[in-house]
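Down below is the structure, laid out as structure tokens.
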């Protein structure tokens, strides 16, 4: 029996989910990285209620409904609800720059957009924004709405956008009927990877042929590494399409606008990291603790580390832990946020300064050993770059790129995960350049601790622009965070608190 015949017999994606929910209602359906989970029964009930709410608000079959959410239980609930309402879901990446988000919304004209309170401000001015508040499922209004039953494989399933050659987002609507030959994809693939092909989703590429012979729809993700599109198939024969973002903002157009000041972090801050739900953790070497501040800027709690003197910190969301370095100790601390105490201690044989985490990798700046990768499970380390670093060297990560500062050579260095140097940047007006962070496009934000300024560097390391100076209140800056979801930059001063800026 062919895959197409099997798929047509199984029905549409949400119909397959419905059958599974009836068969195993008490089984866990979705688990978030934080550990939060939902059973099939609850997911079925919640997606049905949200689907009826969409119909109640005028959503009809083949209409477009946006999803502007982080990957979560609510995201899964939303796309199932949209399909149950007969509509096509439009994924809106929360990392989109405001200009990209605006272009997509203006072009797609979704009938509704589903989001949460923390993201709703980015959708100001648009109609029919459905905000999922806490316990929304208990208060949602459905009226007398009923879900459509006459849906076929010809109904739209989802709509995706990618930057076109003109810079304007291009769209391709994907129907539920995705049972086609794989020959097109296979002709472009080598060892499971598609090389040097830019997927613009223009009319010259029929995206219905991209994901073929699949028993159900895969997922669409966005990777911001330039000039690379990869397609991989797993053993369940799903497909994952990684599409590039081709339009990168010029640093000439980057500016900062003060959003709020944070003083609850205290004095003596040497590092910071973003936690879940908008909270921020600060490493305070004076108080020798981790100070956690709520999204509104008020103090939440502190984690005592005495006599350990923290320097930099990074957050691991799937374990809800914070990894801490110290320039006065050879030890690395793993701190449990829930228990508010040290979970593990690893001795690395030399002090470490900056630290960053992404995609299951913990990267460290060791003053004597260079750039290291730490195995969080057993404490073993692997050397990526053998180098002598300043004891305040910091590091940032994006995709397969590592960016680190070294005041000994007065430079910012970019290398890959194998330690191969890509470029180095030097600027005489950055004195004791310590901290570094990076946005989704690869723009680097670097702070000069002694020069009291913040500079943005282009992704290729060839251009720069000063964004802040002591005239703007920058005073011995020791921490930077770029929030890629909200396009915000947090600048932390050693003794004068932190300032959150909107990046425009």
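The values are calculated or read from the model by the stated rules, or taken from the named source; none is laboratory data. Predicted model only: the values in this text are computed from it and were never measured. Cβ sites come from the backbone with ideal geometry, for glycine too, and all protein chains shown count toward neighbours.
Tell me, please, whether a residue that is modelled with pLDDT of 85 or more and in the same structural domain as residue 133 (by TED's automatic domain parsing) can be found in segment 7-24. Yes, that holds for at least one residue.
Within segment 57-65, at least one residue is in contact with a helix residue (DSSP H, G or I) (Cβ under 7 Å, 6 or more places away or on another chain), modelled with pLDDT of 90 or more, surrounded by fewer than 24 Cβ atoms within 10 Å (Cβ to Cβ) and within 25 Å of residue 102 (Cβ to Cβ). Would you confirm, using the coordinates I've provided, whether residue 368 is under 23 Å from the mean Cα position of the chain (by Cα), free of Cβ contacts under 8 Å to residues at least 60 places away in the same chain and surrounded by fewer than 19 Cβ atoms within 10 Å (Cβ to Cβ)? No: the conditions fail for residue 368.
Would you mention how many residues in segment 305-330 are more than 18 Å from residue 272 (Cβ to Cβ) and either surrounded by fewer than 19 Cβ atoms within 10 Å (Cβ to Cβ) or in contact (Cβ under 8 Å) with a residue 40 or more places away in the chain (or both)? First the steps, then the outcome.
From segment 305-330, those more than 18 Å from residue 272 (Cβ to Cβ) are 306-307, 318-319, 328-330; that's our starting set.
Imposing the further condition that a residue be either surrounded by fewer than 19 Cβ atoms within 10 Å (Cβ to Cβ) or in contact (Cβ under 8 Å) with a residue 40 or more places away in the chain (or both) reduces the set to 306-307, 318-319, 328, 330.
Number satisfying all stated conditions: 6.
The set of residues in segment 394-413 that are under 24 Å from the mean Cα position of the chain (by Cα) and under 18 Å from residue 435 (Cα atoms) comprises 394, 395, 396, 397, 398, 401, 402, 403, 404, 405, 412, 413.
Under the condition of being part of a loop (DSSP other than H, G, I, E, B) and under 20 Å from residue 320 (Cβ atoms), which residue from segment 271-307 is nearest to the chain's Cα centre (by Cα)?
Keep residues of segment 271-307 that are part of a loop (DSSP other than H, G, I, E, B), which gives 275, 279, 285-288, 294-298, 305-307.
Right, trim to under 20 Å from residue 320 (Cβ atoms) and you get 275, 279, 294-295, 305.
On the way: 275: 12, 279: 15, 294: 20, 295: 17, 305: 29 Å.
The selected residue is 275.
Among the residues of segment 87-110, which ones are assigned to a loop (DSSP other than H, G, I, E, B) and over 21 Å from residue 137 (Cβ atoms)? So that I can check it myself, show each step before the final result.
Pass one, segment 87-110, residues assigned to a loop (DSSP other than H, G, I, E, B): 87, 92-97, 109-110.
Matches in segment 87-110: 92, 93, 94, 95, 96, 97, 109, 110.
The number of residues in segment 371-389 that are touching a residue at least 40 places away in the same chain (Cβ under 8 Å) and over 23 Å from the mean Cα position of the chain (by Cα) comes to 2. Being surrounded by fewer than 16 Cβ atoms within 10 Å (Cβ to Cβ), farther than 22 Å from residue 290 by Cα and touching a strand residue (DSSP E or B) at 6+ places or on another chain (Cβ under 8 Å) is true of residue 375.
Any residue that is touching a residue at least 60 places away in the same chain (Cβ under 8 Å) and under 17 Å from residue 252 (Cα atoms) - is there at least one of those in segment 412-435? No, the conditions are met nowhere in segment 412-435. For segment 442-451, taking the residues that are part of a loop (DSSP other than H, G, I, E, B) and crowded, with 20+ Cβ neighbours inside 10 Å, the one that is nearest to the chain's Cα centre (by Cα) is identified as 442. Candidates 486, 496, 465: the one that is on the phi < 0 side of the Ramachandran plot, part of a strand (DSSP E or B), surrounded by fewer than 21 Cβ atoms within 10 Å (Cβ to Cβ) and assigned by TED's automatic domain parsing to the domain that holds residue 433 is 465. Listed here are the strands (runs of 3 or more DSSP E) enclosed by segment 378-437 that have at least 2 residues being farther than 27 Å from residue 344 by Cα: 401-406, 411-416, 421-425.
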